Every structure is written in C-alpha cells, then in structure tokens.
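Asks: Mind having a look at this structure? Questions to follow.
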Amino acid sequence: MNEPGKTENTDKADKKIRLEISGRVQGVFYRVSTRDEAKRLGLTGWVRNRRDGRVEAYVRGAEPRLELLIAWCKLGPSGAEVEEVMVYWLDEDDLEFENLHGDRDDFEIIATF
C-alpha cells in the first residue's frame, strides 16, 4: 500500500513531463526547493542545473500533482526570478524519459549538464 501522498511509478495514470526553467534560477536554492516540493507532492524524477543557466527537471506522477509543481516552478523559492517555464508533456512510451533515467523511486538532484 502507498504512503499518503505517494504514487507508484507503475501507475498507468501517471504522466511524465520535462521542465526547462529560465531566469535567475541558479545559486538561489531552486534545485533544492524543487526537490523538496516534488517530494511533498509525492512525485518522482530529478532536477539539475544546466550549463546554459537554466534548470531542467524530469518528473513523473499524477497529473494534478504535476500541475501543482508546474505552478510552483513559475514562482520558485524566494530569491529566484523565474522568467519562463517550458513544459513538455511526454508520451507514456517516450524513451527520452527512460534514457535520461527519469524513472526513479524518489526525487533527486543530479549533476549539472
């Protein structure tokens, strides 16, 4: 049985998204705050800084919870100045997610790309 607020990666109702966040989003605890918010929402995946100054995330979970994370990402933590959040909804059989190790049991911060 799942913990309250948690979803299992095998749930067919789960959706997958890739996020690209631009603005003043590095050096302001954006990744840590995104990880904490995603975990609070019971989502799985990862977040990382990109060398071009953006933050990127691959996330899996129930669509309403993903929508909450997207809304949060548009604000970010205090100190962040989010200019744009690009949202890419991925097909269930989209290999991009698996190729980038998006399927995880938790939500993690990974190395800069």
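Each value in this text was obtained by applying a stated rule to the coordinates, not by laboratory testing. Everything quoted here is computed from the prediction, not taken from an experiment.
Asks: Using all Cα-Cα distances in the stretch 31-83, what percent lands in each 10 angstrom bin from 0 up to the longest?
Replies: 24, 59, 17, 0
Asks: Can I ask one more? Multiplying the sequence separation of residue 32 and residue 62 by 0.36 nm and subtracting their Cα-Cα distance, what value in nm do you get?
Replies: Going from the current span to full extension adds 8.7 nm.
Asks: Right, here's the next one. Determine the gain in length on full extension of the stretch residue 50-residue 74; use 0.36 nm per residue of separation and subtract their C-alpha separation, reporting nm with one decimal.
Replies: Stretched fully, the residue 50-residue 74 segment lengthens by 6.9 nm.
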